[in-house]
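Structure first, commentary second.
The values are calculated or read from the model by the stated rules, or taken from the named source; none is laboratory data. Just so it is clear, the model here is predicted, and its values are computed rather than measured. As a convention, Cβ positions derive from the backbone with ideal geometry for all residues, glycine included, and neighbour counts pool all protein chains shown.
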Ligand code: NAD
């Protein structure tokens, strides 16, 4: 198979972690007989340095021409980098928002996995973490409260602020379909999270999700109120497979789920549109504090690339091989600095890339 991958190394540790991820992807291509065509795309501070803006029309066109995009991270240290002297719409982060919009990425996926070897980093009690967990938070990314009308008015000296939470059934349906499709590739369970005891938008959410579920008879659907879900994530995270939810609930729950894994350098993510196209990136930022020191953990980016193989290219066996390589390297006791613990062997970003590529 020919894979056209757009690569946005970005800033800070971005170029280091993307370089190692490409080596892992190259090992996959060599083993499984694929050909990968990479196109480098400038975004963020790297684009500002060359073009004066964080994202050019050419960069958007290059991303659109690819089957999928792999991104490192963008941004610098806001207190020292000259990029932050620019007006907000020309700073590195503006590129990220612009590319998500240009590519119509409405579905955000964030897996939260507790690896047996990293259980020590989990802040939950041992009797809870012992069961492990492997869940996927599926968050609607372009609607809801963050995109509804908002205004602040003042009458009789009293200020009033209004934000509106709007979803139409088409917006709910397209994310629900993605959620069930993803569940079919996993353990076939969807927990749809809402606040249907209070909100009309949640009641519509529930009706549409139930309707979509009819097309996926193999998938078990349950509904959960968002307040209960926040509790269940720390009480019994092992119960979840796919959590399907709207924008703001997903924003909060995905951060909570990430934190119970305890390891920022291990967290992958993907943003998808209604084709097979996706933008794959680690959940963490560009870590300017450790850039160029060869200490960054490339695993979150490598696992994002595994998601790319699975969801954009339907290469499940290849994705399994990458995820297996990660587990193998952890089992053998290799750790980057961020996940280092006693008795393990500390390696740099580059050596972690070597080890992962070898294990493919
Ligand atoms: P950050 O995620 O970059 O770093 C937080 C801490 O985690 C730092 O101590 C860092 O060294 C560590 N860390 C992060 N990733 C790591 C990895 N792979 N290996 C080892 N350690 C790692 O968050 P921040 O410091 O708040 O932000 C830094 C820059 O990143 C800012 O400019 C911010 O705007 C940007 N940012 C970009 C994205 C993105 O590109 N999607 C996301 C978040 C933040």
Residue identified as under 20 Å from residue 107 (Cα atoms) and out of contact with any strand residue (DSSP E or B) (no Cβ under 7 Å at 6 or more places or on another chain) among 259, 248, 224: 248
Residue ID - farthest from the ligand (Cβ to nearest atom), chosen from residues in the stretch 321-340 that are within 13 Å of residue 295 (Cα to Cα) and part of a helix (DSSP H, G or I): 339
Qualifying residue in the stretch 341-360 (condition: part of a loop (DSSP other than H, G, I, E, B), under 22 Å from the mean Cα position of the chain (by Cα) and surrounded by 22 or more Cβ atoms within 10 Å (Cβ to Cβ)): no
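Table: residues versus (1) within 30 Å of residue 40 (Cβ to Cβ); (2) more than 13 Å from the ligand (Cβ to nearest atom).
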position: 253; (1), (2): no, yes
position: 257; (1), (2): no, yes
position: 261; (1), (2): no, yes
position: 273; (1), (2): yes, yes
position: 293; (1), (2): yes, no
Residue within the stretch 279-287 that is under 30 Å from residue 78 (Cβ atoms), at pLDDT 95 or above, touching a helix residue (DSSP H, G or I) at 6+ places or on another chain (Cβ under 6 Å) and surrounded by fewer than 21 Cβ atoms within 10 Å (Cβ to Cβ) present: no
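Report yes if residue 190 is outside the structural domain of residue 315 (by TED's automatic domain parsing), assigned to a strand (DSSP E or B) and touching a residue at least 40 places away in the same chain (Cβ under 8 Å), otherwise no.
Numbers: outside the structural domain of residue 315 (by TED's automatic domain parsing): yes; assigned to a strand (DSSP E or B): yes; touching a residue at least 40 places away in the same chain (Cβ under 8 Å): yes.
The answer is yes for residue 190.
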Residue in the stretch 110-127 that is within 16 Å of the ligand (Cβ to nearest atom) and closer than 30 Å to residue 47 by Cα present: yes
Residue list for the stretch 22-64, filter: on the phi > 0 side of the Ramachandran plot and within 21 Å of the chain's Cα centre (by Cα): 44
Some residue of the stretch 113-133 being within 20 Å of the chain's Cα centre (by Cα), within 22 Å of residue 316 (Cα to Cα), surrounded by fewer than 17 Cβ atoms within 10 Å (Cβ to Cβ) and modelled with pLDDT of 90 or more: no
Verdict on residue 304 being within 12 Å of the ligand (Cβ to nearest atom), part of a loop (DSSP other than H, G, I, E, B) and buried (at least 24 other Cβ atoms within 10 Å of the Cβ): no
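Going by the conditions given, is residue 269 under 22 Å from residue 113 (Cα atoms), buried (at least 20 other Cβ atoms within 10 Å of the Cβ), in the same structural domain as residue 183 (by TED's automatic domain parsing) and touching a residue at least 60 places away in the same chain (Cβ under 8 Å)?
Here the answer is yes, as residue 269 does meet what is asked.
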Evaluation of residue 311 against (1) within 23 Å of residue 174 (Cα to Cα); (2) within 16 Å of the ligand (Cβ to nearest atom); (3) crowded, with 23+ Cβ neighbours inside 10 Å (one fails), failing number: (2)
The one condition in (1) within 16 Å of the ligand (Cβ to nearest atom); (2) touching a strand residue (DSSP E or B) at 6+ places or on another chain (Cβ under 9 Å); (3) within 25 Å of residue 327 (Cβ to Cβ) that residue 240 fails to fulfil: (1)
One residue from 238, 257 being surrounded by fewer than 22 Cβ atoms within 10 Å (Cβ to Cβ) and part of a helix (DSSP H, G or I): 238
Any chance residue 109 is assigned to a strand (DSSP E or B), in contact with a helix residue (DSSP H, G or I) (Cβ under 9 Å, 6 or more places away or on another chain) and surrounded by 11 or more Cβ atoms within 10 Å (Cβ to Cβ): yes
